[in-house]
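Chemist: Quick one: this structure, given as structure tokens, is what I'll be asking you about.
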Amino acid sequence: MENPSKESLGWNAFFEAQRNLSFDIARVISEHKNNYTIVIPSKGTFNAQITGKLLFCSDSTTELPKTGDWVHCTVFDNDTVFIHEVLERKTVFSRKSVSSHGQEHVLGTNLDKIFIVQSLNENFNPRRLERYLAQAISSGITPVIILSKADLCQNLDGYLNQIKEIIQKTTVIPVSTVTSIGIEKIKLLINTGETIGFVGSSGVGKSTLINTLTQKNALKTGHVSHYDNKGRHTTVSRELILLPEGGILMDTPGMREFGITADENGIEESFHELSALASSCRFQQCTHIHEPGCAVKEALEDGSISKHRYESYIKLKREAERFSMNNFEKRKKDKKQGKLYKTMKKIKQKR
Ligand SMILES: Nc1nc2c(ncn2[C@@H]2O[C@H](COP(=O)(O)OP(=O)(O)O)[C@@H](O)[C@H]2O)c(=O)[nH]1
Ligand SMILES: [Mg+2]
Ligand SMILES: [Zn+2]
């Protein structure tokens, strides 16, 4: 697999419809500061930069190339490749960043599946699982739950019991890279041309699992050294890895917090037993907090839904709502200007 075909890199009809034949196409394998590693089908791996036009015409950094993107590019010589355009993304998996005022932070694009990895020890956390699930579902990406380090766990059923109501239709695979349990099941879920993102806290075993799946035969697509302008080696944070038997894996760095950018539909879908109840609430716009005739509250009181589940639902709905409000830069500005206007009016009235 020296020079992979476009299909094995994940190219399909969705991207073909956007093809501009005056350019080469390439998939972004990893991103560094102003520098990308890309694979051009049948040509190989290159370092690439973006054109000034792409940089200056982008409204936000989320529009710039991200790991997983398909791009239109031009090879000038083997050292100079310019990315002109990012093709429309089939899916985007993001989180709300903790540091930069809750902006959207793209983790990877054009993912077909998300493997949510939690280890069967103190890392296991049903509430965090709900977050990842809501985010995957609202991004239109199929989630799979991977319960790692199964060799350390004496009580698998106890763990499974805790997530019974959360998982709904989601596939759950207990796995161990020590005993190899579950590895074959995971392989069956990775189809040729599919891109799979691995997410989960640091230390749960994502990289070890990816190494096991690739059996070190993977094409070392990101195996170009990257140096920033001071000559320091920069960390490769996210990287696509091609499996020899088909399938593309994306490792992500561990995240201490995972803020969701999910939309309300995604939340409703991942909590569908609660949304189903909501249709029987007396008020259509019921918030399920204090309204009379609330079917969700009734179910909570009679014990048919758990308190944990109810609280997550309310919390994530609120978070999604807040994100969608904050996300519209314009709205934010309007709000600020509105505030300023009100303050000035007050000052004037006082005079
Ligand atoms: N007992 C056990 N340890 C594992 C397993 N998979 C990974 N580990 C260990 O967990 C630690 C973190 O693994 P790593 O793959 O770096 O986690 P990542 O941060 O999610 O990429 C390492 O010390 C691994 O050896 C497993 O299935 N069982
Ligand atoms: Mg890792
Ligand atoms: Zn209600």
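The values are calculated or read from the model by the stated rules, or taken from the named source; none is laboratory data. Computed from a prediction, not measured in an experiment: that's the story for all the values here. Counting neighbours? That spans all protein chains shown, and the Cβs are built from the backbone with ideal geometry, glycine included. The accessibility values were calculated without ligands, DNA or RNA, using every heavy atom of the protein model including side chains. Shrake-Rupley method; radii C 1.70, N 1.55, O 1.52, S 1.80 Å.
Chemist: Got a sec to turn the phi values of region 287-296 into Karplus ³J(HN,Hα) couplings, 6.51 cos²θ - 1.76 cosθ + 1.60 with θ = phi - 60°, whole Hz, x for Gly and Pro?
Modeler: 8, 6, 10, 9, 6, x, x, 8, 5, 5
Chemist: Continuing with the same structure: Arg309: net charge of surrounding residues, Cβ under 9 Å, Lys/Arg +1, Asp/Glu -1, itself excluded? Don't jump to the answer; show the numbers that get you there.
Modeler: On the way: positive: Lys307; negative: Glu130, Glu165, Glu273, Glu311.
Here the charged neighbours net out to -3.
Chemist: Then there's this: If you take every DSSP beta bridge fully contained in region 1-113, what fraction is antiparallel? Give it as a percent rounded to 5. Intermediate values should be presented prior to the final figure.
Modeler: On the way: 24 of 26 bridges.
If I count the DSSP bridges inside region 1-113, around 90 percent turn out antiparallel.
Chemist: If you take every residue apart from Glu104 with its C-beta less than 9 Å away from the C-beta of Glu104, what net charge results, scoring Lys and Arg +1 and Asp and Glu -1?
Modeler: Numbers: positive: Arg95, Lys96; negative: none.
Every neighbour counted, the sum reads +2.
Chemist: Over region 13-86, with the other protein chains present, what is the accessible area per residue in square angstrom, probe 1.4 angstrom? Walk me through the numbers on the way to the answer.
Modeler: Details: 3590 Å² over 74 residues.
Computed with neighbouring chains in place, this is 48 Å² per residue.
Chemist: Please give the FRET efficiency for Thr74 paired with Thr192, using the beta carbon to beta carbon distance and R0 = 25 Å, rounded to the nearest 0.05.
Modeler: Numbers: r = 28 Å, r/R0 = 1.14.
Computed FRET efficiency for Thr74 and Thr192 comes out at 0.30.
Chemist: How far, in nm, would the chain grow between Glu311 and Asn47 when pulled straight, counting 0.36 nm per residue and subtracting the alpha carbon separation? It would help to have the intermediate numbers written out before the result.
Modeler: Working: separation 264, 0.36 × 264 = 95.04 nm, distance 4.68 nm.
Using 0.36 nm per residue and subtracting the Cα-Cα distance, I get 90.4 nm.
Chemist: Also, quick follow-up: Can you list the equivalent-ellipsoid semi-axes of region 43-175, largest first and in whole Å, using the square root of 5 times each Cα gyration tensor eigenvalue?
Modeler: Numbers: eigenvalues 285, 55, 32 Å².
Working through the eigenvalues yields semi-axes of 38, 17, 13 Å.
Chemist: Taking H placed 1.01 Å from N in the peptide plane, check which residues at least 5 places from Thr261 or on another chain put their amide H under 5 Å from its amide H.
Modeler: Result for Thr261 returns Lys96.
Chemist: For the cross-link pairs Lys33/Lys315; Lys185/Lys315; Lys6/Lys66, which exceed 25 Å when the distance is taken from alpha carbon to alpha carbon?
Modeler: Details: Lys33/Lys315 35 Å; Lys185/Lys315 34 Å; Lys6/Lys66 18 Å.
Beyond 25 Å: Lys33/Lys315; Lys185/Lys315.
Chemist: A follow-up question, please. Give, rounded to the nearest 20 debye, the magnitude of the charge dipole that region 13-86 has about its Cα centre when Lys and Arg contribute +1 at Cβ and Asp and Glu contribute -1 at Cβ. All intermediate terms of the calculation are to be shown ahead of the outcome.
Modeler: Values: 6 positive and 9 negative charges, 16 e Å.
Roughly 80 debye, rounded to the nearest 20.
Chemist: Of the listed peptides 195-208, 155-168, what is their order by residue-averaged count of other C-beta atoms within 10 Å, with the highest listed first?
Modeler: Values: 195-208: 21.1, 155-168: 13.7.
Output ranking for 195-208, 155-168: 195-208, 155-168.
Chemist: In Å and on Cα atoms, what radius of gyration and Dmax does region 264-330 show?
Modeler: That works out to 12.5, 44 Å for Rg and Dmax.
Chemist: To the nearest 20 debye, what charge dipole does region 264-330 have about its Cα centre, counting +1 at the Cβ of each Lys and Arg and -1 at the Cβ of each Asp and Glu? Mind dumping the intermediate values first?
Modeler: Numbers: 9 positive and 12 negative charges, 38 e Å.
The dipole of region 264-330 has a size of about 180 debye.
Chemist: Okay, moving on. For Glu291 and Gln162, what does the FRET efficiency come to when R0 = 41 Å and r is the distance between their Cβ atoms, rounded to the nearest 0.05? All intermediate terms of the calculation are to be shown ahead of the outcome.
Modeler: Working: r = 30 Å, r/R0 = 0.72.
Taking R0 as 41 Å, the efficiency between Glu291 and Gln162 is 0.85.
Chemist: For labels at Ser207 and Phe283 in the simple 7 Å Cα→Cβ model, what's the distance in nm?
Modeler: A separation of 5.1 nm, rounded to one decimal place.
Chemist: In a shell of Cβ-Cβ distance under 13 Å around Arg282, excluding Arg282 itself, what net charge do Lys and Arg (+1) and Asp and Glu (-1) give? All intermediate terms of the calculation are to be shown ahead of the outcome.
Modeler: Details: positive: Lys297; negative: Glu291, Glu298.
Neighbourhood net charge equals -1.
Chemist: Take peptides 307-316, 183-192, 12-21 and line them up by average Cβ neighbours within 10 Å, highest first, as a rough protection proxy. Walk me through the numbers on the way to the answer.
Modeler: Working: 307-316: 17.0, 183-192: 13.8, 12-21: 11.5.
By packing density, highest mean first, the sequence is 307-316, 183-192, 12-21.
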